[in-house]
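Below: one structure, written as structure tokens.
The values are calculated or read from the model by the stated rules, or taken from the named source; none is laboratory data. Remember, predicted model here, so these are calculated numbers, not experimental data. Counting neighbours? That spans all protein chains shown, and the Cβs are built from the backbone with ideal geometry, glycine included.
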Amino acid sequence: MEKNQAEDKPNSQSPTPFAQTYFHGTKADLKPGDIIEVGFNSNYGERKNARYIFLTATLDAAIWGAELAYGDGRGRIYLVEPTGPIEDDPDLTDKKFPGNPTRSYRSQHPFRVVGEATNWQAHSPEKVKAMKDGLAKLQEQGIKSLYE
């Protein structure tokens, strides 16, 4: 019996319930269809021109992104679609969490905003302060975390 080769190739144009969902946490006010891209000031650290943009496959990591982002606005979490290759975020996977359990990634290719997660639970103010204090301590030691 011959196999139909077309059956072996997934149709990338068809929606699937198994597609990976990616999140981007920020304080920026975006809407579906907006593009997030490199070349603007980073939301973190010294606010240098960003060489990468970041996304995650876990809601918790996106919540941290929204809470730690620069600015006074409210934290927001967007569902995003990468338009090109993504890679593990070495700041997290190499330095803090080998194996990438946070499922955090970066890219130099734009992300398209496809929606917004609106029903999420922020970390406690004490937890956010502890995280910010930890990041400040790393910076004092010359370790620039969240700075690309």
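Structure notes:
- Note on the stretch 1-94: no enclosed strands (runs of 3 or more DSSP E) hold 1 or more residues that are modelled with pLDDT of 85 or more, among the small types (G, A, S) and over 20 Å from S124 (Cα atoms).
- Of the residues in the stretch 105-122, at least one is touching an Asp or Glu at 6+ places or on another chain (Cβ under 9 Å), modelled with pLDDT of 90 or more and basic (K, R).
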